[in-house]
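Novice: Sharing a structure with you now.
Please treat every number below as a calculation from the coordinates, not as lab data. All of these numbers come straight from a predicted model, not from anything done at the bench. We place every Cβ from the backbone using ideal geometry, glycine too, and count neighbours over all the protein chains shown.
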Number of protein chains: 2
Amino acid sequence: MQIVTEQRRKDIHNSDIPSVCAACEARHGGVCGTLTSDQLLDLSRHSTRRRVEPGREVVGQGEMTDSYANIISGVVKLSKVLSDGRQQIVGLQFAPDFMGRPFTRESALTAEAAIDTDICSFPRNVIERLVSEAPGLEHRLHEQALKELDEARDWMLTLGRKTAQEKVASFLYIIATHIDPENGTATEFDLPLSRADIADYLGLTIETVSRQVTKLRKDNVIRIENSRRVTVPSMDRLMHVAGID
Amino acid sequence: MQIVTEQRRKDIHNSDIPSVCAACEARHGGVCGTLTSDQLLDLSRHSTRRRVEPGREVVGQGEMTDSYANIISGVVKLSKVLSDGRQQIVGLQFAPDFMGRPFTRESALTAEAAIDTDICSFPRNVIERLVSEAPGLEHRLHEQALKELDEARDWMLTLGRKTAQEKVASFLYIIATHIDPENGTATEFDLPLSRADIADYLGLTIETVSRQVTKLRKDNVIRIENSRRVTVPSMDRLMHVAGID
DNA sequence: GGAGACCTTTGATTTTGATCAAGTTGCCGA
DNA sequence: TCGGCAACTTGATCAAAATCAAAGGTCTCC
């Protein structure tokens, strides 16, 4: 997290296109980029920032409708469950994504932090007021929705048509490309999900995930220490195993 | 398809909130609902209507960026393929949905008609001009994107966590609820997809789909004649088999 | 009405991943 | 440093769905 001095914050508010949210004190691509200085100030008066611990629910089923949030750091899992407990993670949100369900009062999603996560959240009505004032904001939200739609459809191909091996490799590739977007694709990183979470994301069991990770390690596609830290010697190789052209 | 007389069309253009597209001569919830009379007229001057036969591509990979379209009648499959040919249908669009990839120049999707389908399409630049003029239009497109996102995530749960039996039942339920939205859930309908298409939608093989359909028939969950026509005696029963609460 | 193509169903067998069941490892607090 | 616990790994077995193979149906076009 980057520290923003008082002077810096003033500079930001004086610039034409502020890209730093005064409330979060963080530069991010969330919702703030399209607002004017005055609107940003308005927003920051209503926003609250907090840290969410792993496994803690950010917003529950049907409840996400209450607030919108920028993810400042960390990873959030979006998941759905069947009545008998079977669970599927339907999306991962990384900083600096925006989270929320604009214009939808109902959502069968649960959002919980996968690792320690800082979020900056706003009440729904404030966002909706800003949307009606600033046409650029709806455009921004719309683009985020389309991005998530693309990602969801890509993942459907993975869930429906890839083998366990390809699924695990695809997962590692997703993490490598999203865990630190500022610095491009990472070749060494900590997995933000447990084996159980990975299984729920891939539509597999814990045991199968573990076996496939072991196989990738034995085939020298990845290196591993302490089960969370992963190194990818050749991203091309990983992509090939993942079935990505 | 409903015939619109000259008088009727005038009435439509004189009403405050026209809901019938003059170009398509059809009442639908596509893109037209939020436009003023003048804008509708503008749009209709640039739109072309055509019939697409089953298997015919509506817009190819990376090409959907060229045009937007309302589906007047029929069903369109959106699919993705892996380099070795494995295919996954990532979405179905029913009339009166809107199709297109607003603000995205690239899309790895293929859209093709599943059955005879009438579409009314517009060039991208006309839509973009209208979006900048009519703020309500972007809101409409945004909502459509969110609806598709919800559907995609629901389907991810089906792909990742349901059994073959539940998948097939879920598919039948989707068709029953979408094939004729004007009249609510249908209890008797023609499947718009071949067994091969259903398999690609469910992440299964043709043979597994066929066996599960047979099983549903033997269990009296559905009745079938000529392999396309399906009757559902009890929608509750079907939903239960599909794992929908 | 019949030949051929294509779609669908059914059957036998194989394979992948799930399930059941121990072990390891690593981490945290006493 | 030592338990104790949770997360992870590994092995043996099982089951669901894939694959391989062969018939039926249905439709179109002669």
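Novice: Going down the list B:Lys77/B:Lys162; A:Lys215/B:Lys215; B:Lys77/B:Lys218; A:Lys215/B:Lys218; A:Lys215/B:Lys77, which pairs span over 31 Å between their C-alpha atoms?
Specialist: Beyond 31 Å: A:Lys215/B:Lys215; A:Lys215/B:Lys218; A:Lys215/B:Lys77.
Novice: Another question, then. How far is A:Gly184 from itself in the other copies, in nm, if each label sits 7 Å out from Cα along the Cα-Cβ line, shortest first?
Specialist: Sorted ascending, the copy-to-copy spacings read 5.8 nm.
Novice: If each label sits 7 angstrom from Cα along the C-beta direction, how far apart, in nm, is A:Met235 from its counterparts in the other copies?
Specialist: Spelled out, the distances from A:Met235's label point are 4.9 nm.
Novice: When the convex hull of the C-alpha atoms of the stretch A:162-242 is computed, what volume per residue in Å³ does it have?
Specialist: In the stretch A:162-242, the Cα hull volume divided by residue count equals 80 Å³.
Novice: Give me the inter-chain shielding for A:76-85: mean count of other chain Cβ atoms within 10 Å, whole number please. Write out the running numbers ahead of the final one.
Specialist: Values: counts 0, 0, 2, 3, 7, 2, 8, 3, 3, 1.
What the average comes to for A:76-85 is 3.
Novice: Also, I was wondering about something else. Measuring nothing but label to label, 7 Å from Cα along Cα→Cβ, what are B:Ala134's distances to the other copies in nm, shortest first?
Specialist: Ordered by increasing distance: 2.6 nm.
Novice: May I ask you to sort B:Arg101, A:Arg56 by Cβ crowding, counting other Cβ atoms within 10 Å and putting the fewest first?
Specialist: Working: B:Arg101 22, A:Arg56 11.
Ranking B:Arg101, A:Arg56 by Cβ neighbours within 10 Å, fewest first, gives A:Arg56, B:Arg101.
Novice: In nm, give the distance between the simple-model label positions of A:Ala164 and A:Arg50, each being 7 Å from the Cα along the Cα-to-Cβ direction.
Specialist: Going by the 7 Å Cα→Cβ label model, 4.0 nm.
Novice: Here is a further query. Give me a single rounded figure for A:136-147: the average over its residues of other chain Cβ atoms within 10 Å of their Cβ.
Specialist: Going residue by residue through A:136-147 and averaging, the value is 5.
Novice: Ranked by Cβ crowding within 10 angstrom, fewest neighbours first, how are A:Ile174, B:Ile72 ordered? Working shown, then result.
Specialist: On the way: A:Ile174 18, B:Ile72 22.
Result, fewest neighbours first: A:Ile174, B:Ile72.
Novice: What trypsin sites (Lys or Arg not before Pro) in the stretch B:185-245 are in a loop by DSSP, with at most 15 other Cβ atoms within 10 Å of the Cβ?
Specialist: On the way: sites: B:Arg195, B:Arg211, B:Lys215, B:Arg217, B:Lys218, B:Arg223, B:Arg228, B:Arg229, B:Arg237; in loops: B:Arg228.
Within the stretch B:185-245, the qualifying trypsin sites (Lys or Arg not before Pro) (loop, at most 15 other Cβ atoms within 10 Å) are B:Arg228.
Novice: If the chain between B:Asp190 and B:Asp84 were fully stretched, how many nm would it gain, using 0.36 nm times the residue separation less the Cα-Cα distance? All intermediate terms of the calculation are to be shown ahead of the outcome.
Specialist: On the way: separation 106, 0.36 × 106 = 38.16 nm, distance 3.15 nm.
Answer, rounded to one decimal: 35.0 nm.
Novice: For B:Thr163, B:Thr205, what's the fewest-to-most ordering of other Cβ within 10 Å of each Cβ? Don't skip to the answer; put the middle values down first.
Specialist: Values: B:Thr163 11, B:Thr205 14.
Neighbour counts put them in this order, fewest first: B:Thr163, B:Thr205.
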